[in-house]
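I have placed the structure first, in the form of structure tokens, so that the comments after it can refer back to it.
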Amino acid sequence: MGMTTADSNERTFGGLVEVDVSSVDHSPLINDDIAPTKIAQRTWGTYNIAALWISMSACIPTYMLASGLISEGMNWYQAVLTVFFGNLIVLVPMILNAHAGTKYGIPFPVYCRASFGVRGANIPALLRAFVACGWFGIQTWIGGWAIYKIVTIYVPSWDFLPPLIAGINIAQAACFLFFWGINMFVIFKGIESIRFLLDIKAPLLIILGLALLAWAYQQAGGFGPMLSQPSQFIEGGAKAGKFWSVFFPSLTGMIGFWATLSLNIPDFTRYARTQRDQMMGQAIGLPTTMALYTFIGVAVTSATIVIYGGFPVWDPVVLITRFKNPIVLAVSLFALCLATLATNLAANVVSPANDFSNLWPSKITFRIGGLITGIIGILIQPWKLVADPSGYIYTWLVGYSALLGPIGGILVCDYYVLRKTRLQPLDLYKLQGEYSYRGGFNSVAIASLVLGVLPCIPGFLGTIKVIDPVWVGSFLMRVYDYAWFVGFTVAFLVYFSITRTRSKIA
């Protein structure tokens, strides 16, 4: 039974708040896609939330994640444990930020309005959106690459086509754009079609992953030398007694893998039935699936050393092309495309679509936001981002964690420490209200964000060789290794200190 609060526009149901937004219907800060969900729309249980994470985690980048860690000197179990611990850490801000979505039914960009201001919220929303556009491009390229590699089994001449478009050939571009079109079609079908895909994919990909693991074990007579004799495959890093110097930047990279979702998780938990559902679903689905799929990637790759005469095959797309049975190829192609499609839509489209909609609610709908995401995903040329597995982790993942860590610190400090999880939902949609600050921007949050990012900039420039790392100095290079932690902590403390001093929050 619902209970009406002192504010007649709100009703509470077992700790969840339903808001009547009719009084702000004409506000330029609201549309149907970013309005609070009704209680009747909050239908996602523990299974749906767990399926969300199983579906997003069981993907090709997760399968290949250990390759970059092992290339830096880790053995297989160090790599798997690093992935597990990184996801265990990121689970904490994930669950914390999910609370506001579940309680008030609000998406991520609206959640940001409480701390950054109703206009300033566009800053963290767009930072998150552009990172998602990069991920969207990467996942779309991987899906198109899977189609391309399997088709070349039947049309081998495709492999000999000259590069024509930004370093890729016309057939690769066509497969990429074909898979891009499938993504756009599902986006235009809406959020429920994405949930349907996730619910199908979750059990299917776990079964197929375990089946691949069983096949590798049977063919190799075990899991191969990387698991039985890991020291043979370590040439530096951990073997040379430098495990911790490799571990901490790697851990930051693993946190960076889902640091994006640790911010915009309200985009999904606004549909959760209870706080328990969102917490249990995430705890069950995220760290366990990431560790399992990383292990499957390592174990299968290790077995391929035996199966294919000394050469490890890290890329599951390349591995599948070794099968000649057309039925196996067809099933594998479908599974890879479904895996990539579901992960891409959930992890990399829902958030930026809402974020771009928040930028101009009266003109940009969820569908138009999704289209903008897709176009930017093409323009970034994602095939270049994934060309180097080491650079992918230490430049891409760690680099953007330096941006997203400070945002997380500000959100957690504002919602939990300062506001004690109490928001005025209607004011989130008003130009003149509690969250308007000065001109719609909270200068304290913006300053905290800048100061949180600042310590990691020299290390990032040294990592990408814009500045010689020697000039940057070993201390600042090490600071970058801890980018997410440093950014989160600095922004949290700055925001807390200045806000308390200025007494902006009652």
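Nothing in this text is a laboratory measurement; each read-out follows from the coordinates by a stated rule. Just so you know, these numbers come straight off a predicted model, no measurement behind them. Reconstructed Cβ throughout: ideal geometry from the backbone, glycine too, with neighbour counts over all protein chains shown.
Cα centroids of the stretch 392-447 and the stretch 457-506: how far apart, whole angstrom?
17
At a 10 angstrom cut-off on C-beta neighbours, averaged per residue, how do the peptides 176-183, 101-108, 370-377 rank from highest to lowest?
The packing order, highest mean first, is 101-108, 370-377, 176-183.
Picking from Gly15, Ile147, Gly285, whose Cα lies most toward the positive end of the charge dipole for the chain (charges on Cβ: Lys, Arg +1; Asp, Glu -1)?
The one lying farthest along the dipole's positive direction is Gly15.
Compute the FRET efficiency between Arg419 and Arg367 as 1/(1 + (r/R0)^6), taking r as their Cβ-Cβ distance and R0 = 35 Å, and round to the nearest 0.05.
Efficiency at R0 = 35 Å is approximately 0.60.
Any idea how far apart Leu81 and Leu210 come out in nm if each label point goes 7 Å out from Cα toward Cβ?
Label at Leu81, label at Leu210, 2.6 nm between them.
With a cap of 13 neighbouring Cβ atoms within 10 Å, and only residues DSSP puts in a loop, list the trypsin sites (Lys or Arg not before Pro) found in the stretch 416-450.
Lys420, Arg422
Using a simple charge model, +1 on the beta-carbon of Lys and Arg, -1 on the beta-carbon of Asp and Glu, nothing else, what dipole does the chain show about its Cα centre, in debye to the nearest 20?
Dipole of the chain, to the nearest 20 debye: 500 debye.
Among DSSP beta bridges lying fully in the stretch 3-502, give the percent that are antiparallel, nearest 5.
If we restrict to bridges inside the stretch 3-502, about 90 percent are antiparallel.
What does the charge dipole of the stretch 5-71 about its Cα centre add up to, to the nearest 20 debye, if the Cβ of each Lys and Arg holds +1 and the Cβ of each Asp and Glu holds -1?
Numbers: 3 positive and 7 negative charges, 78 e Å.
Value, rounded to 20: 380 debye.
Using the per-residue mean of other Cβ atoms lying within 10 Å as a proxy for protection, in what order, highest first, do the peptides 25-34, 72-81, 135-144 fall?
Averaged packing, sorted descending, gives the order 135-144, 72-81, 25-34.
Just want the answer: with Cβ charges of +1 for Lys and Arg and -1 for Asp and Glu, which residue in Ala132, Leu341, Gly221 is farthest toward the dipole's positive end in the chain?
Positive-end residue among those listed: Ala132.
Provide the descending list of Cα extents for the stretch 3-502 along its principal axes, expressed in whole angstroms.
Largest first, the stretch 3-502 extends 72, 51, 44 Å along its Cα principal axes.
Based solely on its DSSP helices, what 222 nm [θ] is calculated for the chain when runs of n ≥ 4 H residues each add -39,500 (n - 2.57) and the sum is averaged over all residues, nearest 500 deg cm²/dmol?
-21000 deg cm²/dmol
Under 8 Å for C-alpha pairs, at least 6 residues apart: give me the relative contact order for the stretch 3-502, rounded to a whole percent.
For the stretch 3-502, the relative contact order is 30 percent.
Positive end of the charge dipole of the stretch 3-502 (Lys, Arg +1 and Asp, Glu -1 on Cβ, about the Cα centre): tell me which of Ala171, Gly256, Val313 has its Cα farthest that way.
Gly256
Taking only Cα atoms, what is the 0 to 90° angle, nearest 10, from helix 350-359's long axis to the longest principal axis of the chain?
The helix 350-359 is inclined about 40 degrees to the chain.
Would you order Met280, Met56 from fewest to most other beta-carbon atoms within 10 Å of each residue's own beta-carbon?
Exposure proxy ranking, most exposed first: Met280, Met56.
Fewest Cβ neighbours within 10 Å first, please rank Lys189, Lys149 accordingly.
Neighbour counts put them in this order, fewest first: Lys189, Lys149.
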